[in-house]
Amino acid sequence: MTRNSRYDVLFEPVQIGPVVARNRFYQVPHCAGMGHLRPKTAAAMRGMKAEGGWAVVSTEECDVHYTSDIAPYSEQRLWDDADIPQHALMVDAVHEHGSLAACELAHSGGQASNHYSRTAALAPSPIAVEGFGTINARGMTKRDIREMRRIYRRAAKRAQAIGYDIIYVYAGHMLTLPTQFLSRRTNQRTDEYGGSLPNRVRFMKEMILDAKEAVGDTCAIAVRIMLDELMGSDGLQCDEEGIEIVSLLAELPDIWDVNVSDWSNDSATSRFQPEGFQEPFIHRVKQVTTKPVVGVGRFTSPDTMVSQIRRGVLDMIGAARPSIADPFLPKKIEEGRLEDIRECIGCNICVSGDYTITPLRCTQNPTMGEEWRRGWHPEIIPSAKNQDSVLIVGAGPAGLECAVSLGKRGHKVTLVDSKKEFGGRVSRESRLPGLSAWSRVRDYRLQQLQHLVNVDLYPASALNADDIFEFGAQRVVLATGAKWRRDGIGQELSFSVPGTDRTSVFTADDILDGAELNGHVVVYDDNHFYMGGVIAEKLRQQGASVSLVTPAADVSHSTHFTLEQHAIQKRLLKLGISIHTCRSLNAVHDGGVEIQCVYTGDSQALECDSVVLVTAQLANDSLYQEIMIDRSRFSEQSVRSADCIGDCFVPGTIAAAVYSGHQWARQLGEPTDEREVPFLREMPAIWAVLLFSWFRVSESAGQLVHRHHWSKRLESKVDISRLTHDWSSSWTL
Ligand code: ADP
Ligand code: SF4
């Protein structure tokens, strides 16, 4: 296939200071839950982006010093030379595919917990630090400022020596030190670093100039800056000071990377913001600088990207989430394969990896985070190792993903669903307020299935155990999903709630299936993720008066992990939904419920016409149980196995269902994994000690530390592949 010429502009090279990006696709810095604890995982993931055509691939926040210790989170570090080898892995992986590697040097200033380093946090003025216990940041002296500039210069030099092509001064979110100097909230200084805007900009200006002087001969200097904090006059506003700051520094950096703050605004979910939502802020930047500008907006449509370039909003298409959902997005546009783009759905499951300090996962891309530890490639799947035919019952995210992956491997597959519409929970949930983009999970897979002649699709076909045995497939996969509990058992309550068998009691499934409730409805949320809040929103939109009761301290509590909690609670309050937090459900009566305080046990009556339970889920595995009871028929009918996947195996997120379907498809016909742990693990302590001691030996031997040869030289010293693939043998190295 050839690409449409209207997309040619996306593949023009861009000069960024002393380096050239081969096209306009720029993976901006994003957290990955990998960081300094999992360097090989991170290197393989970033390398995949380069292979997929991103001209620039950035690290996440990379802390320049131990005074910027953000433990327990695992971002990157360049505290001293011991951190160098980890970075070399990533830089080499990115360079291998002809892309530029960017390092987001950062100092968290007054937002650093310093739990690990046990040193004082530093800020322009004394401020309280968010974290455990009473922690305050110390206001920096002039000497501290001078020392901080030296620290930055040293880190920039190290980044240059490693081979990075672009080096950042990071002021993108409220977290960082330069931003704390910019903001009136955190900078109350009365010297030349505080007060007027030029004074508050001074520290940042010095950092940019320092970086340019230190490494500007070979490296481009990027500035990531927030333009607006979206908190009105309490924060930085684009029209007031945001654009003025860019004007004051306009020609100093080699590229501007611009966004809105804080992270929840920058990475807003599709429930709250559409593609390109940052344009009202970022379009101003090109009017005040001649330097290239990169910005984000969850771009997945090539037409939107071209429009941004043609209208002079941006020079480079920045992406974090779209590059996670589809690391090959640029290649697919380049090759004219637009229908193959796996579009980000804007759900922020990826963000939860950072908050849980576990490798990034993605709803759309099950291979994300598995590039190194399982060797999964997002576009390549090994061909079938046998001729087994597969019957998949259930075409939700698990069944669809399984069918696509098996189909690509070359198996003969039949995908059946009792419903006329494929997609399972994704089809139902995407009809909830704000969640329409989630249908992309279904649509991408249905699109892929169109080209797979070896996959037959049968909608509107409910199967029972006899049907399955008679069908005669060698492998049976049950992807029949899950249902919401009707008894009130959830995270807080372990026993069924009296009265939940009344006809006035509904579950999330009933609402998803179209039940419309009038009068006053109590939504009882003991699930705490998005479902309780969004069901309340839907019922309110339909005209019901709604009370949301939850044992948690706030609405949809787990959506803190997807950066949405604040926006959800705000929306529900604005809709007039009455919210009862820290309350569990005691009983359902005629005309009302009894709820009780989770602390005191004091109970309270709440009148209502109906109750909707959003609590725990149960697997729809009765069909599987039936088949297993009848397993003597397996050999009669040549059935070799029957397995559950997705929510039918264990109810969870859509991301988990997709992953489960993908994993099952990858494993079919492969040799049984005999390892106790079926994936590779990084052993940071052993790894770091070996590399660090080698580094010291090399250094004392006077060897030249040359930026492009780190990994090669490491390989000649120790067999990295053996360390990687069989860590136990590393003891003998
Ligand atoms: P998952 O998230 O694990 O993919 P879903 O609940 O989204 O699960 O999808 C399960 C799908 O299975 C639904 O579309 C449902 O209609 C279908 N299904 C359930 N039982 C049967 C059955 N006996 N025969 C055919 N399809 C079924
Ligand atoms: Fe997009 Fe969701 Fe994947 Fe994150 S997890 S990249 S938001 S699809």
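The values are calculated or read from the model by the stated rules, or taken from the named source; none is laboratory data. This structure is a prediction, so every number in the text was calculated from the model and none was measured. Backbone-built Cβ (ideal geometry, glycine too); neighbour counts: all protein chains shown.
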**Prompt:** Of all residues in the range 360-403, which are within 16 Å of ligand 2 (Cβ to nearest atom) and touching a Leu at 6+ places or on another chain (Cβ under 6 Å)?
**Reply:** Met368, Gly369
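For every residue, the table says whether it meets (1) of a type in the set (Ser, Thr, Tyr); (2) surrounded by fewer than 22 Cβ atoms within 10 Å (Cβ to Cβ); (3) not assigned by TED's automatic domain parsing to the domain that holds Gln491.
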| position | (1), (2), (3) |
| --- | --- |
| Glu516 | no, yes, no |
| Asp526 | no, no, no |
| Gln542 | no, yes, no |
| Val555 | no, no, no |
| Ser558 | yes, yes, no |
| Ala567 | no, yes, no |
| Ser578 | yes, yes, no |
**Message:** So, in the range 651-670, exactly how many residues are in contact with a helix residue (DSSP H, G or I) (Cβ under 8 Å, 6 or more places away or on another chain) and away from ligand 2 (no atom under 16 Å from the Cβ)?
**Reply:** 4
**Message:** For the range 352-363, check the following and say yes or no: at least one residue is surrounded by 22 or more Cβ atoms within 10 Å (Cβ to Cβ), within 16 Å of ligand 1 (Cβ to nearest atom), polar (S, T, N, Q) and not assigned by TED's automatic domain parsing to the domain that holds Gly276.
**Reply:** yes
**Asked** Which of the residues belonging to the range 369-411 are closer than 25 Å to Asp621 by Cβ, part of a loop (DSSP other than H, G, I, E, B) and not hydrophobic (A, V, I, L, M, F, W, C)?
**Response** Asp388, Ser389, Gly394, Gly396, His411
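Within the range 657-664, identify whether any single residue is surrounded by fewer than 21 Cβ atoms within 10 Å (Cβ to Cβ) and either part of a loop (DSSP other than H, G, I, E, B) or in the same structural domain as Cys344 (by TED's automatic domain parsing) (or both), and answer yes or no. Outline the logic, then answer.
Restricting attention to the range 657-664, the residues satisfying the condition of being surrounded by fewer than 21 Cβ atoms within 10 Å (Cβ to Cβ) are 663.
Keeping just the survivors that are either part of a loop (DSSP other than H, G, I, E, B) or in the same structural domain as Cys344 (by TED's automatic domain parsing) (or both) gives none.
No, there is no match, as no residue in the range 657-664 is surrounded by fewer than 21 Cβ atoms within 10 Å (Cβ to Cβ) and either part of a loop (DSSP other than H, G, I, E, B) or in the same structural domain as Cys344 (by TED's automatic domain parsing) (or both).
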**Message:** I'm trying to understand the selection: among the residues of the range 610-652, which are within 34 Å of the chain's Cα centre (by Cα), more than 9 Å from ligand 1 (Cβ to nearest atom) and part of a loop (DSSP other than H, G, I, E, B)?
**Reply:** Thr615, Ala616, Asp621, Val650
**Message:** Between a residue in the range 415-431 that is over 14 Å from Asp509 (Cβ atoms) and any residue that is of a type in the set (Lys, Arg) and within 16 Å of ligand 2 (Cβ to nearest atom), which pairs come within a Cβ distance under 6 Å, given they are 6 or more apart or on different chains?
**Reply:** Gly423/Arg442; Val426/Arg442
**Message:** Between a residue in the range 655-672 that is closer than 20 Å to Asn348 by Cα and any residue that is charged (D, E, K, R) and more than 11 Å from ligand 1 (Cβ to nearest atom), which pairs come within a Cβ distance under 6 Å, given they are 6 or more apart or on different chains?
**Reply:** Ala655/Arg361
**Request:** Could you list, in sequence order, all residues of the range 4-34 that are outside any loop (DSSP other than H, G, I, E, B) and surrounded by 15 or more Cβ atoms within 10 Å (Cβ to Cβ)?
**Result:** Tyr7, Leu10, Phe11, Val14, Ile16, Val19, Ala21, Phe25, Tyr26, Gln27
**Request:** State yes or no: is Asp340 crowded, with 21+ Cβ neighbours inside 10 Å, of a type in the set (Asp, Glu) and more than 16 Å from ligand 1 (Cβ to nearest atom)?
**Result:** no
**Prompt:** For the range 315-331, which residues satisfy the criterion of being more than 14 Å from ligand 2 (Cβ to nearest atom), of a type in the set (D, E, K, R) and not in a helix (DSSP H, G or I)?
**Reply:** Asp315
**Prompt:** When only residues in the range 161-196 that are touching a Cys at 6+ places or on another chain (Cβ under 7 Å) and aliphatic (A, V, I, L, M) count, which is surrounded by the most Cβ atoms within 10 Å (Cβ to Cβ)?
**Reply:** Ile167
**Request:** Select from the range 598-617 the residues that are exposed (fewer than 15 other Cβ atoms within 10 Å of the Cβ) and either within 18 Å of Val477 (Cα to Cα) or among the hydrophobic types (A, V, I, L, M, F, W, C) (or both) and list them in ascending order.
**Result:** Ala605
**Residue list for the range 275-325, restricted to those being basic (Lys, Arg) and under 16 Å from the mean Cα position of the chain (by Cα)** = Arg298, Arg321
